[in-house]
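S.K.: Have a look at this one.
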Amino acid sequence: MDFKNEIKRRRTFAIISHPDAGKTTLTEKLLLFGGAINTAGSVKGKANSKYAVSDWMGIEKERGISVTSSVLQFEYDDYCINILDTPGHQDFSEDTYRTLMAADSAVMVIDGSKGVEAQTIKLFKVCVMRHIPIFTFINKMDLEAREPFDLIDEIENVLGIRSCPINWPIGAGKRFKGVYDRNTENVSMFQAVSVGGAKGAAENTLSVHDEALKAEIGDELYDKLMEDIELLDGAADEYDQEKVDRGELTPMFFGSALTTFGVRTFLEHFLKATNPPLPRLTDEGVADPMEEEAFSGFIFKIQANMNKAHHDRIAFMRIATGRFDASKDVYHVQSGRKFKLSQPQQIMADDRKIIEEAYAGDVIGVFDPGVFSIGDTICAPGKKFTYEGIPTFAPEHFARLVPTDSMKRKQFTKGVTQLAREGAIQIFKDYTLDLSEIIVGVVGVLQFDVLKYRLENEYNCEVRLEPLPYNYIRWVKDKTLDLNKLKRISDCKKVKDMDDNPLLLFANEWSIRLICEHNEGLELEEFKKN
């Protein structure tokens, strides 16, 4: 297959949702269809595993939640699919935000009984900022669910995006009979099955005009379906591919990920309606993914200890343009160094396979010798452009991190430093008093639990977290300013980041205003400027 066709068959998308909406379950079922796993919750060849393949980290298996993004690549119907499965919990949203930077489109999973929830709104706004296409899967229709027209209104009013139902549910919960396809005018009948590892619920297809359909679903549901169809045809937005591409219209699908009902229909519509890798913005203009000799990509995630035995560090790189050839040198723009990327890998959660080549749209893992940071650009030698930056978020919770065994100071320092480079935590040190003091800042408090778990299990280092009474952080714009000379600074904490940039921690916004009023010319910034 030639170079351009390889890129054209790539689809790279993120799956986002509020916790418990069924995002990871939907991901598992998509992997089933691609043959990447044999049964839901297990990697092929690991039949005894009962965990979701995308939840590979120890703490994820123990708690049943996703705490880190996973990359999952598989083939389906001549498409090469890269799924970026993201954590749903708000405490891990920073990882999700960064991962969305590597996606060309997003699948938004919504619980049919709960509708649009808080985390859905936050993640949706990030998608809108990037103008990426958003596809909606209304999940759990086999359970009690809200009226579909109410869900449409909520999506349009709360999220501010128009919607176009591709199919339509008949009943919900115990009365769920199937979905009507608006294009073919056929109804796929739902039959409950054991959810286990089945690739699909039993489905029987009938035309909406077939008298047998009325007998199957009953007069009441049939009459309601016909009323709904008439209302949809008269009032619902028509499908417009250009609006979908601009992120202004979301195609909507109904189904049940747990029973796999409607998942294949969704997948096939989605693959046809999404674009192959699109051009991306750099500081020198737009980079074309179809330029074969102009390989480039960017690092959007770093994960330490995917192989616990070797304490390795894997940098996740989204290939943005051209073809990656493992035998050729690349140029790391930020360090100005030229080298070969070590151990390039195709990734399936924590399973990895060494590869020789990859194409625009692919997400691959490369060994990080300690030079990569999130947002770095890697390209062919002779190029020096950089991709647009990946946002960082100011931490809102702080704690002093103390190793309980002073003899393990070396592994403690190594562990904290490596985990900080992943971007999930930020570490700071006291401005003057105790240079050995480590302060950790996180966006969500659950990150403290993950940090403690990983230090103990991956670095064999017991730690104690002592919460600090601060919720706001500000970088000092003038990096040469002596913080000891500031006035009215008693109720905030002076710290440095790991690059020795001066910062201040505050308990409330009032304290921020007060210190600015009493120190003329002091400029504080909410985000670190790289």
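S.K.: Scan segment 480-489 and tell me whether some residue there is farther than 17 Å from Ile425 by Cβ, in contact (Cβ under 8 Å) with a residue 12 or more places away in the chain, open to solvent by 70 Å² or more (accessible area, probe 1.4 Å) and touching a Phe, Trp or Tyr at 6+ places or on another chain (Cβ under 7 Å).
M.R.: no
S.K.: Still on this structure, I have one more. I'd like the residue in segment 355-376 that is surrounded by fewer than 22 Cβ atoms within 10 Å (Cβ to Cβ) and in a strand (DSSP E or B) and, out of all such residues, is modelled with the highest pLDDT.
M.R.: Result: Glu357.
S.K.: Please enumerate the residues belonging to segment 115-165 that are assigned to a strand (DSSP E or B) and open to solvent by less than 10 Å² (accessible area, probe 1.4 Å).
M.R.: Passing the criteria: Ile134, Phe135, Thr136, Phe137, Ile138, Asn139, Ser163, Cys164, Pro165.
S.K.: Moving on. Where in segment 240-354 are there strands (runs of 3 or more DSSP E), lying fully within it, with 3 or more residues that are in contact (Cβ under 8 Å) with a residue 40 or more places away in the chain?
M.R.: Hits in segment 240-354: 249-254, 280-282, 296-304, 313-321, 330-332, 345-348.
S.K.: Of all residues in segment 206-228, count the ones that are outside any strand (DSSP E or B) and surrounded by 16 or more Cβ atoms within 10 Å (Cβ to Cβ).
M.R.: The qualifying residues number 9.
S.K.: Could you check segment 1-21 and list, in sequence order, the residues that are open to solvent by less than 10 Å² (accessible area, probe 1.4 Å) and of a type outside the set (Ser, Thr, Tyr)?
M.R.: Listed by number, the residues that qualify are Ile7, Phe13, Ala14, Ile15, Ile16, Ala21.
S.K.: Go through segment 73-92 residue by residue and tally those that are under 8 Å from the mean Cα position of the chain (by Cα) and modelled with pLDDT under 75.
M.R.: The qualifying residues number 3.
S.K.: Answer yes or no: is there a residue in segment 245-253 that is touching a strand residue (DSSP E or B) at 6+ places or on another chain (Cβ under 9 Å) and closer than 30 Å to Tyr459 by Cα.
M.R.: no
S.K.: Considering only segment 321-345, state which residues are over 25 Å from Leu281 (Cα atoms) and crowded, with 16+ Cβ neighbours inside 10 Å.
M.R.: Correct list: Gln345 only.
S.K.: All but one of (1) open to solvent by 40 Å² or more (accessible area, probe 1.4 Å); (2) assigned to a loop (DSSP other than H, G, I, E, B); (3) in contact with a strand residue (DSSP E or B) (Cβ under 6 Å, 6 or more places away or on another chain) hold for Gly382; state the number of the condition that does not hold.
M.R.: Here Gly382 clears every test but (3).
S.K.: Tell me yes or no: at least one residue of segment 243-254 is surrounded by 17 or more Cβ atoms within 10 Å (Cβ to Cβ), of a type in the set (Ser, Thr, Tyr) and at pLDDT 95 or above.
M.R.: So far as segment 243-254 goes, yes, one or more of its residues are surrounded by 17 or more Cβ atoms within 10 Å (Cβ to Cβ), of a type in the set (Ser, Thr, Tyr) and at pLDDT 95 or above.
S.K.: Hey, could you check segment 458-479 for residues that are surrounded by 19 or more Cβ atoms within 10 Å (Cβ to Cβ) and within 16 Å of Lys408 (Cα to Cα) and say which is modelled with the lowest pLDDT?
M.R.: Among them, the one singled out is Tyr459.
The values are calculated or read from the model by the stated rules, or taken from the named source; none is laboratory data. Just so it is clear, the structure is predicted and the values come from calculations on it, not from any experiment. Backbone-built Cβ (ideal geometry, glycine too); neighbour counts: all protein chains shown. Keep in mind that these areas ignore ligands, DNA and RNA; they rest on the heavy atoms of the full protein, side chains included. Shrake-Rupley method; radii C 1.70, N 1.55, O 1.52, S 1.80 Å.
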